[in-house]
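Notes to accompany the following structure.
The values are calculated or read from the model by the stated rules, or taken from the named source; none is laboratory data. Quick caveat, the model's predicted, so the values are computed rather than measured. Because the Cβ atoms are built from the backbone with ideal geometry, glycine has one as well, and the counts that use them run over all protein chains shown. Accessible surface areas use protein heavy atoms only, side chains included; no ligands, DNA or RNA. Shrake-Rupley method; radii C 1.70, N 1.55, O 1.52, S 1.80 Å.
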Amino acid sequence: MTAARGTDGVLVDRYGRVARDLRVSLTDKCNLRCTYCMPAEGLPWLAGSQLLSDDEIVRLVRVAVERLGVTEVRFTGGEPLIRPGVVGIVAAVAALEPRPRISLTTNGLGLDRLAPALRAAGLDRVNVSLDTLDAARFARLTRRDRLADVLAGLAGAAAAGLTPVKINSVLMRGVNDDEAPALLRFALAHGYELRFIEQMPLDAQHGWDRAAMVTADEILATLRAGAGPDTEAGLRPEAGPPTAADPHTGASLPRTGFDLTPDPAERGAAPAETWLVDGGPARVGVIGSVTRPFCGDCDRTRLTADGQVRACLFATEESDLRGALRAGADDDELARRWRAAMWGKRAGHGIDDPTFLQPARPMSAIGG
Ligand code: SAM
């Protein structure tokens with residue numbers, strides 16, 4: 001499909017896709033060190049002068065909402081909750097007209113404390129990342145012993161009304177791929193919506209291996225089969241058996257399989273394909289970015305913490321809005337540059353293309 005070049009109005013690309021969902025990274029720093037994301041020592045962080053100020057972020061989001069047709073704003077990182085101005089940024093974005101829907105992707109640390117203020121500021125809901133329910137495994141995977149804090153964050157978000165609270169889980173072979181059913185039991189028991197994300201080639205260490213990746217098909221098969229984390233089928237002696245108990249309540253999580261049927265609700269541009277669990281209404285989602293790409297329906301545009309527009313997670317080009325903004329560009333000029341950046345969006349991420357190159361920025365510096 002071809003489209004008319006976007007010189008006015010929305011963020012359209014040459015394939016006719018319109019970006020209405022803006023992901024804004026508030027920082028590249030994180031207080032966890034997930035092994036599949038960044039090395040133990042962290043990364044060379046952006047300097048303070050490179051980061052957009054709170055006012056610069058709000059100005060760019062305003063341009064996106066008022067001039068470019070953005071209707072959804074998702075704050076991410078790095079870890080967005082470690083940005084001191086996060087509540088004020090949410091409040092300023094919630095005051096925009098037309099008011100966008102506002103969500104935030106977080107590892108959950110500190111969310112129990114911040115959830116009421118974020119809710120009062122206008123945050124609509126959160127996605128909390130959680131890959132295991134076992135404290136020892138969590139400590140190995142994230143290199144921090146903080147499972148209890150994430151669980152408190154989940155509970156705090158639900159109590160503050162940041163609903164639906166969604167959980168994002170990445171499964172890795174031999175690490176936590178035996179935990180899919182327990183994670184789903186846990187989510188169902190507490191009204192959280194679980195989404196599994198296929199691991200993508202976006203790690204800072206460039207250690208991603210397509211052959212070792214846990215695929216969407218495998219995730220669905222494991223959920224249908226059940227099998228708890230400490231059953232014979234799922235035993236990971238090298239990692240130590242994770243608990244099959246609900247860490248919120250201590251109740252045991254049953255190990256039976258699930259009946260999954262395709263969700264009749266229209267998917268639209270959502271990255272997650274969803275299934276009704278045991279007839280519904282509860283759902284589970286799988287974001288099969290690698291084996292079931294959804295680039296044809298992508299409606300996302302991304303702004304990094306240092307003010308670069310990215311048309312795609314996997315883009316190798318960026319467009320510098322910070323430089324333009326600091327050089328005195330007016331809103332029209334910023335909007336024009338943003339449209340030009342999105343016009344060049346590629347048809348697909350090309351992971352399966354032999355010429356595929358992993359982007360220089362890792363996931364933590366783009367904003368997931
Ligand atoms: N710190 C926040 C968090 O933990 O949600 C936001 C940033 S984090 C980069 C966003 C999401 O990206 C998390 O759910 C994380 O598990 C996921 N992620 C990180 N690296 C990934 C990769 N290589 N493939 C797939 N998902 C990844």
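Scanning region 277-294 for residues that are open to solvent by 30 Å² or more (accessible area, probe 1.4 Å) and either within 18 Å of His349 (Cα to Cα) or among the hydrophobic types (A, V, I, L, M, F, W, C) (or both) yields Ala282, Thr291, Arg292, Pro293, Phe294. Of all residues in region 108-141, those being more than 16 Å from the ligand (Cβ to nearest atom) and surrounded by 23 or more Cβ atoms within 10 Å (Cβ to Cβ) number 1.
Applying the criterion of being farther than 19 Å from Asp299 by Cα and touching a helix residue (DSSP H, G or I) at 6+ places or on another chain (Cβ under 7 Å) to the residues of region 323-354, the residue that is most open to solvent (accessible area, probe 1.4 Å) is Glu333. Criterion first (under 22 Å from Val126 (Cβ atoms) and open to solvent by less than 10 Å² (accessible area, probe 1.4 Å)) does Ala187 satisfy it? When the stated conditions are applied, Ala187 passes them. Filtering Leu60, Leu52, Leu46 for residues that are touching a helix residue (DSSP H, G or I) at 6+ places or on another chain (Cβ under 7 Å), in a loop (DSSP other than H, G, I, E, B) and more than 12 Å from the ligand (Cβ to nearest atom) leaves a single hit, Leu52. Here Gln308 meets each of (1) open to solvent by 30 Å² or more (accessible area, probe 1.4 Å); (2) of a type outside the set (A, V, I, L, M, F, W, C); (3) without any contact (Cβ under 8 Å) to a residue 24 or more places away in the chain with one exception, condition (1).
Each row is one residue, and each column tells you yes or no for (1) under 27 Å from Asp112 (Cα atoms); (2) within 14 Å of the ligand (Cβ to nearest atom); (3) assigned to a helix (DSSP H, G or I).
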{"residue": "Asp149", "(1), (2), (3)": "yes, yes, yes"}
{"residue": "Gly153", "(1), (2), (3)": "yes, yes, yes"}
{"residue": "Asp178", "(1), (2), (3)": "no, no, yes"}
{"residue": "Leu183", "(1), (2), (3)": "yes, yes, yes"}
{"residue": "Phe186", "(1), (2), (3)": "yes, no, yes"}
{"residue": "Arg195", "(1), (2), (3)": "yes, yes, no"}
{"residue": "Met200", "(1), (2), (3)": "no, yes, no"}
{"residue": "Ala204", "(1), (2), (3)": "no, yes, no"}
{"residue": "Gly207", "(1), (2), (3)": "no, yes, no"}
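Filtered by the rule that a residue be more than 11 Å from the ligand (Cβ to nearest atom) and either open to solvent by less than 10 Å² (accessible area, probe 1.4 Å) or part of a strand (DSSP E or B) (or both), region 69-107 gives Val70, Glu72, Val73, Val86, Ile89, Val90, Val93, Pro100, Arg101, Ile102, Ser103.
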